[in-house]
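Taking it in order: structure first as structure tokens, then the write-up.
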């Protein structure tokens, strides 16, 4: 969008200068238009914007400095939109670094063309523009991150929600190279409907939150916890092989069984465990853990069942 706005803003000046035989300035304008058009085509066909954003910013900044060097103080006002646009395209720190280089170049160029007081005025306005833009961009980035986090967090328990789970599962599968194993634990609270029916939903909610606290106390910072739905939760144990994941599952099962969450009413969980293997999709990985969890349910609950995987196979044998 920025490129498409820039082209009609710059191209008429290039054409005008060509018609008036101002060859150097016309060349600079047309080179900027050509470069911006190339970047726009690249983004349109590849959808890769990160590298393109950096290239466009550097290109704009160089073109702006070159134009002022050729034309002088008359075109210094082009520096303002150029510097502001950098904060829309790049992270605040990188935009500030590039604009700092541009400002240094401009002060050097204009030092011999304008009185000292005017030069200081121009420099101070550039500094203020960058300060305000940096603060706005930085705060916007923080708010965007907070909104993104809230959108992927379960409102009751604070763990990841199903949307976040799907993103992480797909990421793990795509990035899996077979060298670092990862395992998935699918947990379900046994007879949870009876808890809600007998004690009310407020108590049921307290049980869900307490279970998440217990899971956090036994998992590592690299592990991820998600609420899959209702009373079902998923732990992705990053870098954990099947033996380690089984140990974690048994530890959690025993911890929940001996923890009093509701007076005179035992709370237990059933867990299915599956290890990610080459060739698996996210759906297959989750389906293996789900099958093991239901096997644990049908085996009397308060149990752990582990899928013994063969290469890309569902013929699993439970421990």
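In the stretch 188-209, is there at least one residue being touching a residue at least 60 places away in the same chain (Cβ under 8 Å), under 20 Å from residue 306 (Cβ atoms), under 25 Å from the mean Cα position of the chain (by Cα) and surrounded by 12 or more Cβ atoms within 10 Å (Cβ to Cβ)?
no
I want to confirm something. Restricting to the stretch 252-261 and keeping residues that are surrounded by fewer than 19 Cβ atoms within 10 Å (Cβ to Cβ) and in contact with a helix residue (DSSP H, G or I) (Cβ under 6 Å, 6 or more places away or on another chain), which single residue is farthest from residue 169 (Cα to Cα)?
261
Residue check: is residue 119 closer than 22 Å to residue 32 by Cα and surrounded by 14 or more Cβ atoms within 10 Å (Cβ to Cβ)?
no
Okay, residues lined up against (1) assigned by TED's automatic domain parsing to the domain that holds residue 123; (2) outside any helix (DSSP H, G or I); (3) at pLDDT 80 or above:
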site: 36; (1), (2), (3): yes, no, no
site: 41; (1), (2), (3): yes, no, yes
site: 48; (1), (2), (3): yes, yes, no
site: 52; (1), (2), (3): yes, no, yes
site: 64; (1), (2), (3): yes, no, yes
site: 69; (1), (2), (3): yes, no, yes
site: 76; (1), (2), (3): yes, no, yes
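Scan the stretch 210-247 for residues that are buried (at least 23 other Cβ atoms within 10 Å of the Cβ) and out of contact with any strand residue (DSSP E or B) (no Cβ under 6 Å at 6 or more places or on another chain) and report the count.
Qualifying residue count, the stretch 210-247: 1.
Could you run through the stretch 66-99 and say how many residues are surrounded by fewer than 17 Cβ atoms within 10 Å (Cβ to Cβ), in contact with a helix residue (DSSP H, G or I) (Cβ under 8 Å, 6 or more places away or on another chain) and within 21 Å of residue 50 (Cβ to Cβ)?
Looking only at that region, the number is 3.
Does residue 277 satisfy the condition of being within 22 Å of residue 215 (Cβ to Cβ), surrounded by 13 or more Cβ atoms within 10 Å (Cβ to Cβ), assigned by TED's automatic domain parsing to the domain that holds residue 170 and modelled with pLDDT under 95?
No.
The values are calculated or read from the model by the stated rules, or taken from the named source; none is laboratory data. This is a predicted model, so every value here is computed, not measured. Here Cβ is always computed from backbone atoms with ideal geometry, including for glycine, and neighbour counts include all displayed protein chains.
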